[in-house]
1. Give the accessible surface of segment A:98-183 per residue, rounded to a whole number of Å², with probe radius 1.4 Å and ligands, DNA and RNA excluded.
2. In segment B:207-310, what trypsin sites (Lys or Arg not before Pro) fall in a loop by DSSP, with at most 10 other Cβ atoms inside 10 Å?
3. Bin width 10 Å, alpha-carbon pairs only: give the P(r) of segment B:1-160 as whole percents, running from 0 to the bin holding the largest distance.
4. Going by accessible area, probe 1.4 Å, with all protein chains left in place, what is the ranking of A:T39, A:T103, largest first?
5. Just the number please: accessible area per residue for segment B:191-261, 1.4 Å probe, all protein chains included, in Å².
6. List the residues of segment A:91-129 whose accessible area drops by at least 50 Å² when all protein chains are present, compared with their chain alone, using a 1.4 Å probe and counting only protein heavy atoms.
7. Sort A:S130, A:S53, B:S15, A:S26 by accessible area with a 1.4 Å probe, largest first.
8. Provide the percentage of antiparallel DSSP beta bridges, counting only those with both residues in chain B; round to the nearest 5.
Number of protein chains: 2
Amino acid sequence: MAVTIRDVAERAGVSVATASRVLTGSRNVSPVLAERVNTAARSLGYRHNAVASALRRGRTNTVGMIVPEIGNPFFPSIVEAVERRLQESGRDLFLCDAQQDVTIERRRARALADRQVDGLIIVPVSATESRATLAEAVQRTPVVQVDRYVEDYPADWVGVNDELGVGLAVEHVVSLGATRIAFVSASLDSSSAQQRYAGFERVVKRHGLPGDTPRLLGTFRAEWGRSAALQMLAEQPLPDAVVCGNDEIAIGLLGEFRRCRIRVPEDVLVTGFDDIRFAQLADPPLTTVRQPGEQLAAECIRLLDARMIDRDLPVQRVAIAPSLVVRESTGGSS
Amino acid sequence: MAVTIRDVAERAGVSVATASRVLTGSRNVSPVLAERVNTAARSLGYRHNAVASALRRGRTNTVGMIVPEIGNPFFPSIVEAVERRLQESGRDLFLCDAQQDVTIERRRARALADRQVDGLIIVPVSATESRATLAEAVQRTPVVQVDRYVEDYPADWVGVNDELGVGLAVEHVVSLGATRIAFVSASLDSSSAQQRYAGFERVVKRHGLPGDTPRLLGTFRAEWGRSAALQMLAEQPLPDAVVCGNDEIAIGLLGEFRRCRIRVPEDVLVTGFDDIRFAQLADPPLTTVRQPGEQLAAECIRLLDARMIDRDLPVQRVAIAPSLVVRESTGGSS
DNA sequence: CACCTATGGGTAAACGTTTACCCCTTCTCG
DNA sequence: CGAGAAGGGGTAAACGTTTACCCATAGGTG
């Protein structure tokens with residue numbers, strides 16, 4: 001049997017109340033008793049039972065987070081930043097992976113809520129199919145959406161302005177003289193995919209560029225980038241530039257172009273989105289839209305804390321402006 | 001106030017015991033009462049309180065996992081596989097990131113143990129500095145080490161035979177005629193780094209190859225691969241082959257070589273380790289040692305379950321043989 | 001019919017904390 | 001010197017489940 005606070009109190013010759021007060025620092029206790037309790041705890045090897053504590057207090061000092069797919073390298077970067085922030089306030093993060101599946105996402109959300117997390121950070125899998133899960137979670141605990149959001153549901157969100165971000169990429173290749181611009185991204189399930197697509201169309205239209213260039217929508221994976229590349233190669237002529245929905249797609253695309261001896265940026269310009277770790281290691285290094293991970297994380301925790309204090313706060317949606325990072329895939333300087 | 005099992009029982013006109021028995025299926029209850037309980041629960045929107053349940057039963061149906069750094073793409077692949085396995089038995093995974101810091105690692109381990117996880121899966125940050133954390137965790141809950149292990153401490157482990165794996169890579173480049181072989185990896189903090197280094201030295205020695213080629217030990221990061229590349233370029237002549245401690249390093253190295261117009265595989269052969277998602281997208285596609293993630297995960301859960309059943313089982317250490325994946329960075333086909 | 005067992009139900013005691021409430025002592029100040 | 005406040009201690013009641021234990025009934029068996 002594990003050693004409980006009762007054992008500690010007994011050994012220290014005080015009541016459990018006093019022991020608890022010393023151990024949690026919830027009230028002043030005379031130094032001599034405090035010392036006795038501490039040594040008793042240490043010598044017995046006392047370990048706080050967080051489950052019992054959570055049951056009594058109704059708080060766990062734990063935040064849950066659900067990402068669509070931990071294997072997508074953009075998400076770990078956010079997770080790391082969030083974790084660092086939480087650490088500052090002594091809270092722990094429990095991370096779950098939805099495996100791109102709204103059913104699993106719902107299970108995870110329930111598992112976290114069942115365990116009474118103090119808040120939930122979620123990157124919803126789908127703009128529509130995740131709505132029920134989000135709604136249920138919001139009933140139970142403070143929730144903040146990051147990066148992606150569920151459409152037509154009022155809940156806090158913080159992310160980058162995707163629409164604007166892709167706009168930056170398009171403007172950039174246009175300024176380099178591209179007129180026939182293709183777009184390769186994921187199908188419009190998630191808000192990110194939707195917004196990025198919208199951003200592309202908006203700027204293309206604004207410049208009066210041809211609308212018959214390829215718009216290929218698959219998944220946010222490198223494999224999709226590869227097959228999209230093959231598809232474009234099959235239906236010549238090649239566009240002047242390919243704007244990709246994220247870096248993974250762009251990297252897959254670059255790999256296939258390379259294999260087929262298409263030169264980037266000489267034959268075609270390529271841009272990505274996210275600025276993941278490997279973007280600068282791609283061949284050629286990838287011009288991309290950077291998401292400021294630290295800033296997203298900071299804002300996310302701020303929103304979550306605000307909502308924890310007041311559940312009835314008006315819904316907040318924070319869109320951070322992304323920035324373009326020019327590298328060699330669009331001929332940028334080294 | 002949330003709706004409790006007491007409310008459900010009342011609404012259904014049964015005792016809390018019966019309600020609990022229906023809801024958990026722990027004992028037979030007459031169909032008519034069961035139905036009443038279920039409808040009552042549904043209509044009240046009853047939600048199981050996992051914290052209270054955990055306190056009473058002493059089990060949480062939750063497994064904790066700690067990885068050194070979620071940003072290292074090898075770990076997410078293991079996490080995904082582990083999560084899929086756990087799902088089959090209806091358990092949830094709580095994932096924590098140690099940020100490559102044994103202090104944080106300890107905090108995470110304690111946080112998980114405090115929350116009474118039923119078991120802990122850990123990839124220890126350090127072969128020596130993580131020992132105390134591991135020892136403490138083992139006292140509290142079943143633990144399995146994956147991939148890396150703590151030295152001189154008897155605890156279950158499952159991983160790949162790193163020593164053998166690097167051996168495969170060295171044998172491969174030797175068979176292609178390389179005699180001057182460099183090794184770029186991480187400093188010998190972790191068991192992986194140690195074993196991989198040992199594998200390199202063993203095979204190099206066995207073939208009587210020169211021992212004065214570079215052995216550069218830094219971190220498991222791409223940036224280190226870059227600077228190692230620069231270092232080798234500074235002290236000509238270039239080796240015939242560079243065997244890297246993981247894929248990230250190799251990818252960084254490839255990037256720098258490319259920038260400096262060193263051709264791979266014509267001027268120098270390069271190999272990696274892990275076979276992460278990006279290995280085949282590198283330029284050129286990377287020859288590497290594949291870690292069988294699914295198999296690791298399966299074995300890991302098997303060990304954990306065995307240990308949960310019997311804490312006094314003899315310690316098990318399962319080393320899985322890795323396999324070499326030949327790609328173009330050593331002139332491989334395709 | 002007497003007895004034994006199986007079945008399904010309820011009561012209430014845990015699980016380990018935290019904290020509302022109460023009490024006693026000591027100090028402050030008019 | 002008395003009233004009031006402040007400080008520090010204890011008792012015991014929560015928190016929401018699960019389950020050991022008990023009881024009543026029904027059915028089976030000699």
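1. Computed with neighbouring chains in place, this is 31 Å² per residue.
2. Counting only loop positions with at most 10 other Cβ atoms within 10 Å, the trypsin sites (Lys or Arg not before Pro) in segment B:207-310 are B:R261, B:R263.
3. Spelled out per bin, shortest first, that is 10, 32, 24, 16, 14, 4.
4. Correct descending sequence by accessible area is A:T103, A:T39.
5. 39 Å²
6. Buried-area filter returns A:D92, A:F94, A:L95, A:Q99, A:R107, A:R108, A:D114, A:R115.
7. A:S26, B:S15, A:S53, A:S130
8. Bridges in chain B are about 10 percent antiparallel.
The values are calculated or read from the model by the stated rules, or taken from the named source; none is laboratory data. In this text, all values refer to a predicted model and were calculated from it rather than measured experimentally. Cβ atoms come from the backbone with ideal geometry, glycine included; neighbour counts cover every protein chain shown. Note: accessible area is taken over every heavy atom of the protein model, side chains too, but ligands, DNA and RNA are not part of it. Shrake-Rupley method; radii C 1.70, N 1.55, O 1.52, S 1.80 Å.
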